[in-house]
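Okay, structure first, notes after.
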Amino acid sequence: MELKEIRVGWIGLGVMGSSMCQHVLDAGYPVTVFTRTRTRAETLVAQGALWSDSPSAVAEQSDIVMSMVGFPAEVRDVLLGEYGALSRLASGGVLVDMTTSEPSLAQEIYAEASAKGVGSLDAPVSGGDVGAKNGTLSIMVGGDVDVCERLRPIFSLMGSTIVHQGPAGAGQHTKLVNQTLIASGMIGVCEALLYAYRAGLNVESVIASVSKGAAGSWSLTHYAPRMCVGNFEPGFFVDHFVKDMAIALNEAGRMNLSMPGLALAHQFYVALQAQGGGDKGIHSLILALAEVSRVTWPRRDSGDLMSG
């Protein structure tokens, strides 16, 4: 089968999934989509994607089914449920879950798929909405290496870094490493900006000075400018990040590994959820930390302006 004759199914068209699917469609692959909120599929359908009413119906029209949803329970439902993709995907097909989920679930999907002659990869991504739009995501792949290599041309449409990490579940473990690095780093970014603000500095000018040196990070470069103008629209939802950290802490506990930094970050983000910030981007953590010191941080919805 020629590469462009491969039929791709896509389940989940959220903040990142819609852009990732768009790249596959733009490359000329036949694409069939399903998402819980059908209006999110309208743009892709208008450009030639086909709509199906269930994950199983997507699988009937596909050789490869890729999923990008929110939570492990949703992954289980859309892939292994009664109307899940595996129920109708033909032998020789491949399931690719790009959601950040549980390593044990990735292993379960792999086992059930293998029993039906279907391949399975766990391939979570990092890079947020910016990486999804630009096709520069980092894709961390678990599963059989030959299946990973067969799908590399499709992965390359969405990401600039594609690394096979090991057997089923290894992609998810790698993503949890990624989330651990981001979690504690976000505390540092937020505390640094609050320090600059309270010290009376021009925060944007401070960012320009420190972001190119040893203190630089992806979060500082991409999230801090959004914080400064009170733009807390999600590139990655707080609710999803809390889920990711909880999975990582659970895995750490299973391995008898103490991770106090991650636990602290998790608690700050839970506090942000309690303040109503679950549907905001993860960079809105600064609002929760600002509240601790009674700092009024600018927000677009309040009309506040950055000063200091």
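The values are calculated or read from the model by the stated rules, or taken from the named source; none is laboratory data. Everything quoted here is computed from the prediction, not taken from an experiment. Here the Cβ positions follow ideal geometry from the backbone for every residue, glycine too, while neighbour counts run over all protein chains shown.
Condition first: in contact with a helix residue (DSSP H, G or I) (Cβ under 6 Å, 6 or more places away or on another chain), farther than 18 Å from residue 198 by Cβ, modelled with pLDDT of 95 or more and among the aromatic types (Phe, Trp, Tyr). Can you find one or more residues in the range 233-240 that meet it?
Within the range 233-240 (the criterion being in contact with a helix residue (DSSP H, G or I) (Cβ under 6 Å, 6 or more places away or on another chain), farther than 18 Å from residue 198 by Cβ, modelled with pLDDT of 95 or more and among the aromatic types (Phe, Trp, Tyr)), the answer is no, since none of the residues qualifies.
Say whether the condition of being crowded, with 19+ Cβ neighbours inside 10 Å, touching an Asp or Glu at 6+ places or on another chain (Cβ under 7 Å) and small (Gly, Ala, Ser) is met by at least one residue in the range 162-169.
yes
From the list 176, 181, 151, which one is surrounded by 18 or more Cβ atoms within 10 Å (Cβ to Cβ), at pLDDT 95 or above and more than 29 Å from residue 91 (Cα to Cα)?
176
I need the full set of residues from the range 258-268 which are in a helix (DSSP H, G or I) and touching a residue at least 40 places away in the same chain (Cβ under 8 Å), in order please.
Hits for the range 258-268 are 261, 262, 264, 265, 266, 268.
If I ask for residues that are assigned to a loop (DSSP other than H, G, I, E, B) and of a type in the set (Phe, Trp, Tyr), which ones from the range 1-43 would you list?
29
Taking the range 78-118 as the region of interest, how many residues are farther than 23 Å from residue 254 by Cβ and surrounded by fewer than 17 Cβ atoms within 10 Å (Cβ to Cβ)?
Result for the range 78-118: 10.
How many residues are in a loop (DSSP other than H, G, I, E, B), under 26 Å from residue 202 (Cα atoms) and modelled with pLDDT of 95 or more if we restrict to the range 278-293?
1
Hey, any hits in the range 139-157 for a residue that's part of a helix (DSSP H, G or I), more than 17 Å from the chain's Cα centre (by Cα) and within 17 Å of residue 241 (Cα to Cα)?
The answer is no; no qualifying residue exists.
Are there any pairs, at least 6 apart or on different chains, whose C-beta atoms fall under 6 Å, with the first in the range 1-25 and over 15 Å from residue 50 (Cβ atoms) and modelled with pLDDT of 95 or more and the second assigned to a helix (DSSP H, G or I) and of a type in the set (Lys, Arg), and if so, which?
As it stands, the answer is 19/133, since those pairs meet every condition given.
Report whether or not residue 161 is outside the structural domain of residue 215 (by TED's automatic domain parsing) and either among the polar types (S, T, N, Q) or assigned to a loop (DSSP other than H, G, I, E, B) (or both).
On the way: outside the structural domain of residue 215 (by TED's automatic domain parsing): yes; either among the polar types (S, T, N, Q) or assigned to a loop (DSSP other than H, G, I, E, B) (or both): yes.
It is true that residue 161 is outside the structural domain of residue 215 (by TED's automatic domain parsing) and either among the polar types (S, T, N, Q) or assigned to a loop (DSSP other than H, G, I, E, B) (or both).
If you take the residues in the range 44-85 that are part of a loop (DSSP other than H, G, I, E, B) and of a type in the set (A, V, I, L, M, F, W, C), which one is nearest to residue 247 (Cα to Cα)?
Looking at the filtered set, the residue picked out is 71.
Residue-by-condition table, conditions (1) loosely packed, with under 15 Cβ neighbours inside 10 Å; (2) within 14 Å of residue 285 (Cβ to Cβ); (3) outside the structural domain of residue 287 (by TED's automatic domain parsing):
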site: 190; (1), (2), (3): no, yes, no
site: 196; (1), (2), (3): no, no, no
site: 205; (1), (2), (3): yes, no, no
site: 218; (1), (2), (3): no, no, no
site: 226; (1), (2), (3): no, yes, no
